[in-house]
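K.L.:
After the C-alpha cells below, expect a handful of questions from me.
Read-outs: derived from the displayed coordinates by stated rules, not from any lab. Treat the numbers as computed from the prediction; the structure is a model and nothing was measured. Every residue, glycine as well, gets a Cβ built from its backbone with ideal geometry; the counts of neighbours run over all protein chains shown.
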Amino acid sequence: MADCIFCKIAAGEINARIVYEDPDTLAFLDLNPQAPTHALVIPRRHIPRLTAAADTDAELLGKLQLAAARTAKALKVDGAFRLVTNNGKAAGQSVDHLHYHLLGGRKLLWPPG
Ligand code: DGP
C-alpha cells in the first residue's frame, strides 16, 4: 500500500536489518528496541491490523506464527521470548500494517503494562 512504511520495507524501498524472510513474511529489527532482541514480524501483504484479517487470511496468519518462531531461532532467543501485537491506537499501534513484536534477551515482566 502506498505510504505504508512496512510495505516499503517489504518491497526493499526502505532499508531495514532483515533477520528472516520467506515469500509471504518478513522480520526485521525494530528501529526503537525495547529489549536486547526486538524484531518485527510482518506479512508482506498489507493487512492494517489483526482485527482487519479475513477468513481468507487464515493461512497467512499461520505462516506469520511460524515465521515468528523461525525468527526467534535465528536470533537465538527461541528458549524465551514474547510475541505481541498492538491492535489499535489505544493499545499502542503506531504503524497500520499488522506486525508482531518479538522481544527477548532480557527478563520480561508480566503484566506488560
Ligand atoms: P507499534 O507501535 O506496535 O505500531 O510498533 C511499531 C514499531 O515500528 C515501533 O516499535 C517502531 C518501529 N518502526 C517504525 N518505523 C520503523 C522503520 O522505518 N524501521 C524499523 N526498523 N522500525 C520502525
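K.L.:
For the chain, what is the calculated [θ] at 222 nm in deg cm²/dmol (nearest 500), taking -39500 (n - 2.57) for each run of four or more DSSP H residues and dividing by its residue count?
P.N.:
-6000 deg cm²/dmol
K.L.:
Hey, any idea what the orientation-averaged projected area of the convex hull of the range 51-113's Cα atoms comes to, in nm²? Walk me through the numbers before you get to the answer.
P.N.:
On the way: hull surface 20.3 nm².
The directionally averaged projection comes out at 5.1 nm².
K.L.:
Report Rg(Cα)/(2.2 N^0.38 Å) for the chain, keeping two decimals.
P.N.:
My calculation over the Cα atoms of the chain gives 1.01.
K.L.:
Taking H placed 1.01 Å from N in the peptide plane, check which residues at least 5 places from residue 81 or on another chain put their amide H under 5 Å from its amide H.
P.N.:
Result for residue 81 returns nothing.
K.L.:
Figure the gain on full extension for residue 90 and residue 29 (residue separation times 0.36 nm, minus the Cα-Cα span) and round it to one decimal in nm.
P.N.:
Numbers: separation 61, 0.36 × 61 = 21.96 nm, distance 2.33 nm.
Extra length from residue 90 to residue 29 when fully extended: 19.6 nm.
K.L.:
Against the longest alpha carbon principal axis of the chain, how many degrees, from 0 to 90 and to the nearest 10, is the axis of helix 58-74 turned?
P.N.:
Around 40 degrees separate the two axes.
K.L.:
For residue 63, give me every one of the lysines with a C-alpha distance below 18 angstrom, ignoring sequence neighbours fewer than eight places off in its own chain.
P.N.:
Correct list for residue 63: 73.
K.L.:
Quick one: Karplus J couplings for the range 95-106, per residue in order, coefficients 6.51, -1.76, 1.60, θ = phi - 60°, nearest Hz, x for Gly and Pro?
P.N.:
In residue order, the calculated couplings are 10, 7, 8, 2, 8, 9, 7, 10, 10, x, x, 8 Hz.
K.L.:
Restricting attention to the range 80-113, which trypsin sites (Lys or Arg not before Pro) occupy a DSSP loop and are surrounded by at most 10 other Cβ atoms within 10 Å?
P.N.:
107
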